[in-house]
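S.K.: Mind having a look at this structure? Questions to follow.
The values are calculated or read from the model by the stated rules, or taken from the named source; none is laboratory data. These numbers were taken from a predicted model, which means no experiment stands behind them. Cβ placement follows ideal geometry from the backbone for every residue including glycine, while neighbour counts extend to all protein chains displayed.
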Amino acid sequence: MSADFVLYGAYGYTGELITRFVADYGLRPLLAGRNADKLRELAEPYGYDYCAVSLEDESGLRELLAPYPVVLHAAGPFKFTAAAMHRACLHTETHYLDITGEIEAFAAAQSLDQEAKERHIMMMPGVGFDVVPTDCLAAFLKQQLPTATDLKLAFAWKGGGVSHGTAMTMLESLGQPGAVRRQGKITPVPPAYKTAEFPFTAQKSLRAVTIPWGDVFTAFHTTGIGNIETYFAAPPTQQKFMKWSRWIGPLLRLSLVKNLLRRQVAARPAGPSDQRREQGEAYVYGEATNNEQTVRARLKTPEGYTLTAITALMITQRVLNQHFRTGYQTPASVYGADFILEVAGKEREVLE
């Protein structure tokens, strides 16, 4: 066996970035996905093995995973792609990791918790920017205020941009409601339900808007805090569009509209250039409260796609070294609030 783990979706924007970084972690991937030509083009410069398998090919997917202890799944939108990989992992007893930020995908993995425990595997979606830094900050705030009842998490980024995969995932959510967690239950709310201003850096506060970020699901499992809101510091024009979508939602859900937008996404660059990634940064802010007290903290990290490649490989490496917990897990629940501090270029600050 000439590889340590399977990287599925290897020729997507983030998968390709992971492929470029993987040797820095002493690992060797088997590159996998649907398209053999794209896999060959990616694999040959590195000397990596590759295998083309469709997610619809159940027996082929099982054959792909059977020799390997871990799959890192990087082909989204995960609400469409995760189920097939989940089934294959349970059958072959392969640990499952992915880079989703989709609430539906987290819920699907959590529903398989008992089966995963019975097969002695871990299912950990969200090992990238979705949701490692926010999950670690949520765990840190819970440590500072164990009696917290409410949690707000917000993020912003400087520079960079979005990949085709991220854009497609966002497109699929157009016209859909947002989500928050109330009294332990995920509750639908209107798009752009709330706005608030957060001090992402000492120099700058930004107005952010609620979005159905993955932490609405994961932070509850990490911290037990029952009331959770997640925010993104979107540009003002995007925030306005999100509010308009409350009334034009049915139009945005039409196949004709979505197909038009898919073509527009496909015509754009695959994702941020290396220069934009290297110049970019990401910021995470969080606050936890109870009836009497509030604790606040913030993080600065590398740009989101760069961070995704780094943390996904850090976690893959740990699982291969037998550092895992069976069943459905979140990053901070297994690796702790300080896991994010192992990333170069990060800063964590407690605010008075």
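S.K.: Assess whether residue 130 counts as being of a type in the set (Asp, Glu), modelled with pLDDT of 95 or more and surrounded by 18 or more Cβ atoms within 10 Å (Cβ to Cβ). If you could, list the steps in order and put the result at the bottom.
M.R.: Working: of a type in the set (Asp, Glu): yes; modelled with pLDDT of 95 or more: no; surrounded by 18 or more Cβ atoms within 10 Å (Cβ to Cβ): yes.
So residue 130 does not fit the description; no.
S.K.: Of all the residues that make up region 70-93, how many are in a loop (DSSP other than H, G, I, E, B) and surrounded by fewer than 24 Cβ atoms within 10 Å (Cβ to Cβ)?
M.R.: In the first step, residues of region 70-93 are kept if they are in a loop (DSSP other than H, G, I, E, B); the result is 74-77, 93.
From the residues that got through so far, the ones that are surrounded by fewer than 24 Cβ atoms within 10 Å (Cβ to Cβ) too are 77, 93.
Residues that pass the stated criteria total 2.
S.K.: Further question: Tell me which residues, restricted to region 288-313, are over 12 Å from the mean Cα position of the chain (by Cα) and part of a helix (DSSP H, G or I). Quick ask: steps written out before the conclusion?
M.R.: First, the residues of region 288-313 that are over 12 Å from the mean Cα position of the chain (by Cα): 288-303, 306, 310, 313.
Across region 288-313, the qualifying residues are 306, 310, 313.
S.K.: Answer yes or no as to whether residue 325 is in contact with a Ser or Thr (Cβ under 8 Å, 6 or more places away or on another chain), more than 21 Å from residue 228 (Cα to Cα) and in the same structural domain as residue 109 (by TED's automatic domain parsing). Spell out how you get there, then give the answer.
M.R.: Details: in contact with a Ser or Thr (Cβ under 8 Å, 6 or more places away or on another chain): yes; more than 21 Å from residue 228 (Cα to Cα): yes; in the same structural domain as residue 109 (by TED's automatic domain parsing): yes.
Considered against the rule, which asks whether it is in contact with a Ser or Thr (Cβ under 8 Å, 6 or more places away or on another chain), more than 21 Å from residue 228 (Cα to Cα) and in the same structural domain as residue 109 (by TED's automatic domain parsing), residue 325 comes out as yes.
S.K.: Could you tell me which residue of region 217-271 is modelled with the lowest pLDDT, considering only residues that are within 20 Å of residue 188 (Cα to Cα) and β-branched (Val, Ile, Thr)?
M.R.: Residue satisfying both the conditions and the ranking: 248.
S.K.: Is one or more of the residues making up region 117-128 within 21 Å of residue 220 (Cα to Cα), in contact with a Lys or Arg (Cβ under 8 Å, 6 or more places away or on another chain) and in contact (Cβ under 8 Å) with a residue 24 or more places away in the chain? Outline the logic, then answer.
M.R.: Keep residues of region 117-128 that are within 21 Å of residue 220 (Cα to Cα), which gives 117, 122-128.
Of the ones still in play, those that are also in contact with a Lys or Arg (Cβ under 8 Å, 6 or more places away or on another chain) are 122.
This time we only want the ones that are in contact (Cβ under 8 Å) with a residue 24 or more places away in the chain, so: 122.
Within region 117-128, one or more residues are within 21 Å of residue 220 (Cα to Cα), in contact with a Lys or Arg (Cβ under 8 Å, 6 or more places away or on another chain) and in contact (Cβ under 8 Å) with a residue 24 or more places away in the chain.
S.K.: Related question: Let me confirm something: among 315, 310, which residue is closer than 28 Å to residue 119 by Cβ and in contact (Cβ under 8 Å) with a residue 12 or more places away in the chain?
M.R.: Details: 310 fails: closer than 28 Å to residue 119 by Cβ.
Only one candidate qualifies: 315.
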